[in-house]
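Here is the structure we will look at.
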Amino acid sequence: QKEVEQDPGPLSVPEGAIVSLNCTYSNSAFQYFMWYRQYSRKGPELLMYTYSSGNKEDGRFTAQVDKSSKYISLFIRDSQPSDSATYLCATRGQSGGSNYKLTFGKGTLLTVNP
Amino acid sequence: SAVISQKPSRDICQRGTSLTIQCQVDSQVTMMFWYRQQPGQSLTLIATANQGSEATYESGFVIDKFPISRPNLTFSTLTVSNMSPEDSSIYLCSAGQGAISGNTIYFGEGSWLTVV
């Protein structure tokens with residue numbers, strides 16, 4: 001079993017739709033959870049960052065972590081064509097030493113159609 | 001956040017040759033890493049670049065194939081040695097400042113290598 005599982009999609013939605021992106025993970029030691037956005041032929045850009053369980057909101061984006069079920073989500077409200085990209089979830093353990101290493105999901109390719 | 005610059009941004013390389021990728025960060029960082037992203041795949045950590053000492057490699061990656069240097073807190077290089085078509089990939093430098101930056105890790109734009 002891979003440490004982080006993510007449905008690669010592709011996912012295609014109309015402009016204005018609510019998008020739900022999800023990952024599951026297997027290592028209970030993971031404490032930090034991140035979402036990166038990667039446009040075509042670009043490096044990953046940090047979008048959201050959360051610690052432990054709970055929700056975090058930033059504009060149209062909401063990150064949600066449920067450690068009891070080892071499930072992480074990213075919601076995009078009022079999606080725009082500019083949101084079209086690959087979204088990567090990533091996790092890591094507690095700070096310090098090798099625990100700064102990130103474990104990534106495979107990424108979900110999202111297309112928002114005007 | 002840290003701004004990370006990589007050179008070259010892309011290159012086409014001959015089989016059997018080696019290429020060195022440079023990574024420059026605009027501020028001192030405690031952590032630097034090198035990742036590989038093969039076509040259609042996610043990011044895989046190659047190694048942690050340690051300042052002033054040998055890099056720490058992940059399983060499946062060896063120093064002879066991917067020698068790494070980190071002479072100071074803002075600069076690192078990754079060499080891809082004796083390249084084969086299987087090495088065609090995006091190579092990404094990443095960095096973080098620990099608690100100073102909220103324990104977050106940032107990425108450069110990547111170096112896109114095609115081996116022919």
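The values are calculated or read from the model by the stated rules, or taken from the named source; none is laboratory data. It should be emphasised that the depicted structure is a prediction, and the values quoted were computed from it without experimental measurement. Glycine gets a Cβ as well: all are built from the backbone with ideal geometry, and neighbour counts include every protein chain shown. Just the protein is used for accessible areas: all its heavy atoms, side chains included, with ligands, DNA and RNA removed. Shrake-Rupley method; radii C 1.70, N 1.55, O 1.52, S 1.80 Å.
Some values worked out for this structure:
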quantity: Residues (over 23 Å from B:D11 (Cβ atoms) and in a strand (DSSP E or B)) located in the stretch B:85-105; calculated: B:G96, B:I105
quantity: Residue ID - nearest to the other protein chains (Cβ to nearest Cβ), chosen from residues in the stretch B:19-37 that are open to solvent by 70 Å² or more (accessible area, probe 1.4 Å) and not acidic (D, E); calculated: B:T30
quantity: Qualifying position, being in a loop (DSSP other than H, G, I, E, B), within 11 Å of chain A (Cβ to nearest Cβ) and not charged (D, E, K, R), among B:G16, B:G60, B:G40, B:G52; calculated: B:G40
quantity: Scan of the stretch B:60-69 for residues that are within 11 Å of the chain's Cα centre (by Cα) and closer than 15 Å to B:Y35 by Cβ, ordered by number; calculated: B:F66, B:I68
quantity: Flag if B:E109 is within 20 Å of A:Q38 (Cα to Cα) and either among the acidic types (D, E) or assigned to a helix (DSSP H, G or I) (or both); calculated: yes
quantity: Condition met for A:R92 (of a type in the set (D, E, K, R), open to solvent by less than 10 Å² (accessible area, probe 1.4 Å) and in contact with a helix residue (DSSP H, G or I) (Cβ under 9 Å, 6 or more places away or on another chain)); calculated: yes
quantity: Which numbered condition B:N82 misses (of (1) part of a strand (DSSP E or B); (2) in contact with a Gly (Cβ under 7 Å, 6 or more places away or on another chain)); calculated: (1)
quantity: Tally, over the stretch A:47-81, of residues that are within 26 Å of B:C93 (Cβ to Cβ) and either touching a residue at least 40 places away in the same chain (Cβ under 8 Å) or surrounded by fewer than 17 Cβ atoms within 10 Å (Cβ to Cβ) (or both); calculated: 5
quantity: Tally, over the stretch A:18-46, of residues that are open to solvent by 50 Å² or more (accessible area, probe 1.4 Å), within 14 Å of chain B (Cβ to nearest Cβ) and modelled with pLDDT under 90; calculated: 3
quantity: The stretch A:87-96: number of residues that are more than 9 Å from every other protein chain (Cβ to nearest Cβ) and either closer than 12 Å to B:G96 by Cα or modelled with pLDDT of 85 or more (or both); calculated: 3
quantity: Hits in the stretch B:20-37 - residues which are under 22 Å from A:P44 (Cβ atoms) and assigned to a strand (DSSP E or B); calculated: B:I21, B:Q22, B:C23, B:Q24, B:V25, B:M31, B:M32, B:F33, B:W34, B:Y35, B:R36, B:Q37
quantity: Test: residue in the stretch A:59-67 that is closer than 19 Å to A:V13 by Cα and polar (S, T, N, Q); calculated: yes
quantity: Where B:F66 falls short, out of the listed (1) in a loop (DSSP other than H, G, I, E, B); (2) open to solvent by less than 30 Å² (accessible area, probe 1.4 Å); (3) over 22 Å from A:T103 (Cα atoms); calculated: (3)
